[in-house]
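The values are calculated or read from the model by the stated rules, or taken from the named source; none is laboratory data. This is a predicted model, so every value here is computed, not measured. So basically every Cβ, Gly included, is an ideal-geometry build from the backbone, and we count neighbours across all protein chains shown. These area figures cover heavy atoms from the full protein model, side chains too; ligands, DNA and RNA do not enter into them. Shrake-Rupley method; radii C 1.70, N 1.55, O 1.52, S 1.80 Å.
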Amino acid sequence: MSALRYVYAICRPFEAALSAELAGVAGVPPKLLRHGGLIAVVGSVPEREFDAEPLRRRLEDVQWLEATARAHQGVIDALTAVTSPLPLRLATVLRDDSGVRVMMEERREDFLRTLDRFDGRVEWDVKVHVPRTSAHSGKIVERADEFTRRLHGTLSRCAEETLLRTPRSPAPSEEADAEVLDAAYLVPRAESEEFVERVNGSARDEPGLRVELTGPWAAYSFTGSTGLTGFAGLTGFARNTGNVSDTGNARNAGNASGTGNTGKTTDSGRAT
């Protein structure tokens, strides 16, 4: 059976060893491929699943996609514990080690610039929800808007970069709370405790709203300039297996299906 190279992330060299028990996509432990002062974290995956045509079909299989995303996120989480990786998009697959080296060479300057931005930094994601029973109250919505402006301003002072996404509006048939803030913050690792405390304090100030804090993550939301980007939030089902900070009112919303972001997985960055 032929194997392809699955690429999880690009890193600068790091000293800590990854666990020998870490299983990646397709159950294969990741390995480090060095080239030009960079490291690609790669694994072997079967061609019958990850070549272009079968991969397109697999990406429509929610169960397969969920398992793959969880395995992908597990490797990224392990890397984030020991370094500041540049995570690549789910299902970035190349033909062989030579193809990975070519990619590293062609994009070397972009990778180095992005790794400089990420060095010693992690991503925290914050969402604010208005309870479904209050979402149509003008007074509650006005108060929520004021709170999110104040919260974003406070958190931005702790962050080196921020990204505001369009909050998700539930369909009329859904019994979900309404989002009024969906934001990502690139925060120095050493200042993460202060960042979390600011979220905690803000959540206590507005008991009628639900504040959701997740992280620390690799900086998926800030990789846009590389051309082989991660995508914001990866997928709900992958990230919900990671670290979650539960702060009084702050808790993981648990979007189990995670299908809202999966459309961004189809560009697999393939080299043939």
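When the chain is fully extended, how far beyond the present Cα-Cα distance does A176 get from V82, taking 0.36 nm per residue of separation? Intermediate results must be reported in sequence, preceding the final value.
Working: separation 94, 0.36 × 94 = 33.84 nm, distance 3.64 nm.
Gain on extension, A176 to V82, equals 30.2 nm.
Between H35 and A40, the built amide H atoms are under 5 Å apart, and every one of these is 5 or more places off in sequence or on another chain.
With all protein chains present and a 1.4 Å probe, how do R165, R198, R189 order by accessible area, largest first? Could you put the intermediate results ahead of the total?
On the way: R165 50, R198 75, R189 95 Å².
Reading off the accessible areas and sorting them downward yields R189, R198, R165.
Rg/Rh for the stretch 87-147 stands at 1.34; both radii use Cα atoms, and Rh follows the Kirkwood definition. The residues V102, V42, V180, sorted by heavy-atom accessible surface at 1.4 Å with ligands and nucleic acids left out, run V102, V180, V42 from largest to smallest.
From the Kirkwood radius over Cα pairs of the stretch 27-79, Stokes-Einstein at 4 °C and 1.567 mPa s returns a whole-number translational diffusion coefficient of 104 µm²/s. In this calculation the C-beta distance from K139 to R204 is compared with R0 = 22 Å, giving a FRET efficiency of 0.60. In the context of the full protein assembly, D61 retains an accessible surface of approximately 60 Å², using a probe radius of 1.4 Å and ignoring ligands and nucleic acids. With 0.36 nm allotted per residue and the present C-alpha distance subtracted, the L164-S98 stretch has 20.0 nm of extension available.
When nucleic acids and ligands are ignored and a 1.4 Å probe is applied, V141 ends up with an accessible area of around 50 Å². When both the stretch 53-67 and the stretch 112-169 are represented by their alpha-carbon centers, they are found 31 Å apart.
In the frame of its principal axes, the stretch 20-135 has Cα extents of 56, 37, 29 Å, reported largest first.
Summarising the amide proton neighbourhood of R89: residues at separation of 5 or more, or on other chains, whose placed amide H is nearer than 5 Å comprise T229, G230. Modelled spin labels at E194 and S19, positioned 7 Å past Cα toward Cβ, are 3.2 nm from each other.
Within the P(r) computed for the stretch 86-202, what percentage of the Cα pairs occupies the region above 16 Å? Kindly include the intermediate steps, with their values, before the conclusion.
Details: 4747 of 6786 pairs.
When all Cα pairs of the stretch 86-202 are counted, 70 percent exceed 16 Å.
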